[in-house]
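Working notes for the structure below.
The values are calculated or read from the model by the stated rules, or taken from the named source; none is laboratory data. As the structure is a computational prediction, the values presented were derived from the model and not from experiment. Don't worry about glycine lacking a Cβ; one is built from the backbone with ideal geometry, like all the others, and counts go over all protein chains shown. The area values use the complete protein model at the heavy-atom level, side chains included, leaving out ligands, DNA and RNA. Shrake-Rupley method; radii C 1.70, N 1.55, O 1.52, S 1.80 Å.
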Amino acid sequence: LCIFVFQPENLQKNWLREFYQVVHAHKPHFMALHCQEFGGKNYEASMSHVDKFVKELLSSDAMKDYNRARVYLDENYKSQEHFTALGSFYFLHESLKNIYQFDFKAKKYKKVTGKEIYSDTLESTPMLEKEKFPQDYFPECKWSRKGFIRTRWCITDCAFDLVNIHLFHDASNLIAWETSPSVYSGIRHKALGYVLDRIIDQRFEKVSYFVFGDFNFRLDAKAVVETLCAKATMQTVRAADTNEVVKLIFRESDNDRKVMLQLEKKLFDYFNQDVFRDNNGTALLEFDRELSVFKDRLYELDISFPPSYPYSEDSSQGKQYMNTRCPAWCDRILMSHSAKELILKSENDEKIVIYDHIGPNVCMGDHKPVFLSFRIAAGAGKPIANVHKCCVVQ
């Protein structure tokens, strides 16, 4: 399982090379790839890049052993009401027999054969559920594309949902800094709760689920700044005409009053980026608090990679963060507690389950892709008392 944000400018070759290396290293039999902001910011100009990317993925030598595929691309950017810019790819290795995908309209599983691409409008595709969040969830962003796509699969009697998600961002560093937790954190909380309620509602049988994509989870900005700048003095800069705060400057109390941090709406310029990279940024994980609200509903493996966003888009700066936002673990792979039980863990080989990022030293765009590799035991989805009937095709 892995997710990424795709931008067409000169990154495709890098991105695919790093992705293929992960495929080669882990040799997954079932692979899900979830994309957000597919096609970049300028959809009309860049959808041709998307088509090339899809063709390359489906026909490349690295993917030749995957003889079945399903690709769902929300390319209908002219539909403001529905457009999410999400893309979901699913690849099935030739060694896998009998794989079934759920038809949400017919309420039954269908055997997966061949390679199929669905794009433009996904609303009429019964093999998925797609929703864009209501506009009033994030009213300050007129053109929000945030939403989710859900598919359901059955492998070796084990049924599970895969949900591609994109939650709301932080519109202003200054507003994020004002309160703890921030107003944006509350908006994400509401949207994620909406998705979780939706995928376990009464319309369909409950199954295990994996939710992965760009959650836009941010560190608790107030707590981070107070920690990073504990010995600093703060200067407030206001606009002359409105008296609105436009900049905060944190200076060391001594050491010639050196500037440690400058904070503006879209500027987070901290003087020492190493704090976000050293030991994979572990010292800052205590400020990653947004998931704690969902601890009864969602599980995540321990994070052992640095913040996944916002990386420089300069191709020569593979490890450098942009100074637009405080680095954070935006990109995550979360699961229901029942899904956690499906994942095989061997006492002798801890490497069977791997949760990591892709391309640590290479420019992959402003987000580093994150992946989860694991095994599911044969028959893991069968209840103890009776045989699971999820894969009986009616």
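Before moving on, here are some points about what is shown:
- Helix axis angle, 43-59 relative to the chain longest principal axis, alpha carbon, degrees: 50
- The count of lysine pairs in region 70-123 with alpha-carbon distances below 29 Å, taking only pairs 8 or more places apart or on different chains, stands at 10.
- Global form of region 1-154, assessed from the alpha-carbon gyration tensor, a/c cut-off 1.5: oblate
- Convex hull projection area averaged over all views, region 85-205, Cα basis, nm²: 9.5
- Ellipsoid semi-axes for region 9-91, based on the Cα gyration tensor and the rule √(5λ), read 24, 14, 10 Å when sorted largest first.
- Gyration tensor verdict on region 258-312 (Cα atoms; rounded if a/c is under 1.5, prolate if a/b is larger than b/c, oblate otherwise): prolate
- Here, region 94-151 has an Rg and a Dmax of 15.5, 49 Å when only alpha carbons are counted.
- Carbon plus sulfur fraction of accessible area for region 72-139, probe 1.4 Å, in percent: 48
- For region 50-121, the convex hull drawn through the C-alpha positions has a volume of 87 cubic angstrom per residue.
- Evaluated at q = 0.08, 0.10, 0.11, 0.19 Å⁻¹: base-10 log I(q)/I(0), Debye formula over Cα of region 152-304: -0.33, -0.49, -0.57, -1.23
- Semi-axes of the equivalent ellipsoid of region 200-266 are 42, 18, 8 Å, computed as sqrt(5λ) over the eigenvalues of the C-alpha gyration tensor in descending order.
- Here, P(r) means the percent of Cα pairs in each 10 Å bin from 0 to the largest distance; for region 220-376 it is 9, 31, 31, 19, 7, 2, 0.
- Here, the chain has an Rg and a Dmax of 21.8, 76 Å when only alpha carbons are counted.
- Helical content of the chain, expressed as a calculated mean residue ellipticity at 222 nm, amounts to -5500 deg cm²/dmol (DSSP H runs of 4 or more residues, -39,500 (n - 2.57) each, divided by residue number, nearest 500).
- The value for region 184-231 of Rg(Cα) / (2.2 N^0.38 Å) is 1.70.
- DSSP beta bridge pairing in region 152-223, given as percent antiparallel to the nearest 5: 35
- With a cut-off of 9 Å between beta carbons, the residues surrounding Thr84 carry a summed charge of +2, where Lys and Arg count +1 and Asp and Glu -1.
- Rolling a 1.4 angstrom probe over the protein heavy atoms with all chains in place gives region 65-177 an accessible area of 38 Å² per residue.
- Listed by chain and number, the aspartates and glutamates whose C-alpha is less than 17 Å from the C-alpha of Lys13, apart from same-chain residues fewer than 8 away, are Asp51, Glu56, Asp61, Glu313, Asp314, Asp366.
- Percent accessible area from carbon and sulfur atoms, region 158-272, protein chains only, probe 1.4 Å: 49
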